[in-house]
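The values are calculated or read from the model by the stated rules, or taken from the named source; none is laboratory data. Fair warning: this is a prediction, and the values are worked out from it, not measured in the lab. Reconstructed Cβ throughout: ideal geometry from the backbone, glycine too, with neighbour counts over all protein chains shown.
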Amino acid sequence: MSPRQRMINLMYIVLTAMLALNVSSDVLNGFSQVHDSLSRTNENLTLRSELQFRYLSDLYGQNPAKAGPWYEKGKTLHTRANALYATIDSIKTVIAKEADGAKGDYHNIINLDDLEAASVTMLNPATENGRRLRESIDGFRAYVIGLIPDSTKRGMVNRLLSTEVANKPGTVGPTTWEEKMFDNMPAVAAVTLLTKLQNDLRQAESEAMAGLITNVDIGDVRVNELNAYVIPNSNMIMRGGKYSANIVLAAIDTTQRPTVYVNGSKLNNQRGLYEFVAGQTGTHEYSGFIEVARGDGTVDRRPFKSAYTVIEPMATISATMMNVLYAGIDNPISISVPGVPMNAIQATMTNGTLTRSGDHWVARANTVGTEAVISVSAQMEGASQQMGSMNFRVRKLPDPLPYIPIKDGSGNTVHYKGSPKRISKAALMAADGLGAAIDDDILNVTYTVVSFSTTFFDSMGNAIPEVSNGASFSSRQKEQFKRLKPGKSFFISNVKAKGPDGITRDIPAMEVALN
């Protein structure tokens, strides 16, 4: 390979590495938003856990003989869950301090894109914090599953707290859970994943605690503990999306429906379903109360309060061949919208055409030097909504390199690209002409050779030029091949090639050396 080509290949490698290391600030800020939402959800789940355990304690106080065995199991469950939850909290604090210093706070990480903090904290072979956390999760999962009698719920909890991971394609050897979670992971992403793990922990505890309460026969004391709950379908909403939440009473009698008021207005359905179309972005709170009739005819009122977060629509658009589009060829494009199925996404493009190919897209740009804009929309709640757009630079294709197609020892066609490699005279005589292509494993584009010249040197050192017949060797060039002696060489120059973008260009010369 020529020094020039080595330099070009090295530039491609460096550029690709730079692109791979560049973590978008929007993505990091998105992790912060998700972490804040998960933290609020964890607060609600922790409150629910405390209420469930308090309710089980009340049952034990009323009838120790009946509720005693289930209370002891619930106490152990609650203690283990709180201990593991606190351990994860301490890990998040260590990661935050590793990223931001001694005053680091995982609620407000400054160096969001720190790629070392999580790895140093969790993958250090001296501390093995990642392994110990995995083993703690495995032990807690096995314990919780043993408390749940329903096989469907056991399977759900087993999947929720599973630490099994599948190896990534191309990796050598098994991948551990801690490597997948923390290896080369930005600090804000690692903290968000740990917060999600706390969320799963509370969900599993709640399922097991509900089973223990059911075993005591919750029907006997159904109305002793009444509390209002808001159960949203999601705390994260895109602007223009629909917010849905069920507002219910815990342990409510199914023969008696409560009356629900939100912000002073009565809900017009008996299911407690509260929904509206979100408009302004940000975090919004709402409150109200639930009224239920007692057996003596009086009304019991229970207040509630909740919040929801509205975010801007987001679309992910990435070019799989770097961050430019090349004119005249098919450019693979990946387009997705978080939370929206692929069949509900539409996309358009300026300065070219954009076509769907399964779950992927192909962009074909027209004019070099003019930007192409890809705009994405999605069908949400029966209407089309704009998700975002991205500008791409349109460039002409790079120059190809010439080659002579020859057969190797196995009969396969290979590209001979000149000295310092050598070919046999027989392989040269069997070749029909000259080809040109970009085949650097980043772009693979074939060009059409329009013309070229060969230059031979006689025994006196005189140059003998010959002109090709298009892309094929002319008869005079073939005749000169016959006269070549072993170890000799000749030059192919003045090569003109036409690419799929319709541009004819002069490309580099090559030296052909015989064995």
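Quick notes on this one:
- Sole exception among (1) modelled with pLDDT under 90; (2) over 21 Å from residue 192 (Cα atoms); (3) part of a helix (DSSP H, G or I) for residue 149, by number: (3)
One line per residue, one yes/no per condition, for (1) touching a helix residue (DSSP H, G or I) at 6+ places or on another chain (Cβ under 6 Å); (2) touching a residue at least 12 places away in the same chain (Cβ under 8 Å):
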residue	(1), (2)
112	yes, yes
127	no, no
132	no, no
143	no, yes
146	no, no
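- Region 260-285, residues that are of a type in the set (Phe, Trp, Tyr) and buried (at least 17 other Cβ atoms within 10 Å of the Cβ): 261, 274
- Index of the failed condition, residue 415 passing every other in (1) in contact (Cβ under 8 Å) with a residue 40 or more places away in the chain; (2) surrounded by 14 or more Cβ atoms within 10 Å (Cβ to Cβ); (3) under 42 Å from the mean Cα position of the chain (by Cα): (1)
- If you go through region 111-125 and keep only what is surrounded by fewer than 22 Cβ atoms within 10 Å (Cβ to Cβ), assigned to a helix (DSSP H, G or I) and within 20 Å of the chain's Cα centre (by Cα), you end up with just 119.
- Condition check for residue 131: surrounded by fewer than 17 Cβ atoms within 10 Å (Cβ to Cβ) and of a type in the set (Lys, Arg): yes
- Screening residue 74 against (1) surrounded by 20 or more Cβ atoms within 10 Å (Cβ to Cβ); (2) closer than 22 Å to residue 39 by Cα leaves a single unmet condition, (2).
Per-residue answers, yes or no, for (1) at pLDDT below 85; (2) hydroxyl-bearing (Ser, Thr, Tyr); (3) within 22 Å of residue 123 (Cα to Cα):
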position: 167; (1), (2), (3): yes, no, yes
position: 170; (1), (2), (3): yes, no, yes
position: 175; (1), (2), (3): yes, yes, yes
position: 192; (1), (2), (3): no, yes, yes
position: 205; (1), (2), (3): no, no, no
position: 208; (1), (2), (3): no, no, no
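- Verdict on residue 508 being closer than 30 Å to residue 329 by Cβ and touching a residue at least 60 places away in the same chain (Cβ under 8 Å): yes
- Summed over region 472-513, the residues that are in a loop (DSSP other than H, G, I, E, B), surrounded by 15 or more Cβ atoms within 10 Å (Cβ to Cβ) and more than 46 Å from the chain's Cα centre (by Cα) give a count of 3.
- Residues of region 418-436 satisfying the condition of being buried (at least 18 other Cβ atoms within 10 Å of the Cβ) and closer than 14 Å to residue 401 by Cα: 418, 434, 435, 436
- Candidate set: region 134-150, residues that are of a type in the set (A, V, I, L, M) and closer than 14 Å to residue 162 by Cβ; chosen: the one nearest to the chain's Cα centre (by Cα): 137
Rundown of residues vs (1) within 25 Å of residue 86 (Cα to Cα); (2) without any contact (Cβ under 8 Å) to a residue 60 or more places away in the chain, yes/no style:
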position: 36; (1), (2): yes, no
position: 46; (1), (2): yes, no
position: 49; (1), (2): yes, no
position: 52; (1), (2): yes, no
position: 58; (1), (2): no, no
position: 61; (1), (2): no, yes
position: 69; (1), (2): no, yes
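- Failed condition for residue 306, given (1) over 30 Å from residue 379 (Cβ atoms); (2) touching a Pro at 6+ places or on another chain (Cβ under 9 Å); (3) modelled with pLDDT of 80 or more; (4) surrounded by 15 or more Cβ atoms within 10 Å (Cβ to Cβ): (1)
- All of (1) crowded, with 19+ Cβ neighbours inside 10 Å; (2) in a loop (DSSP other than H, G, I, E, B); (3) more than 23 Å from the chain's Cα centre (by Cα) hold for residue 102 with one exception: (1).
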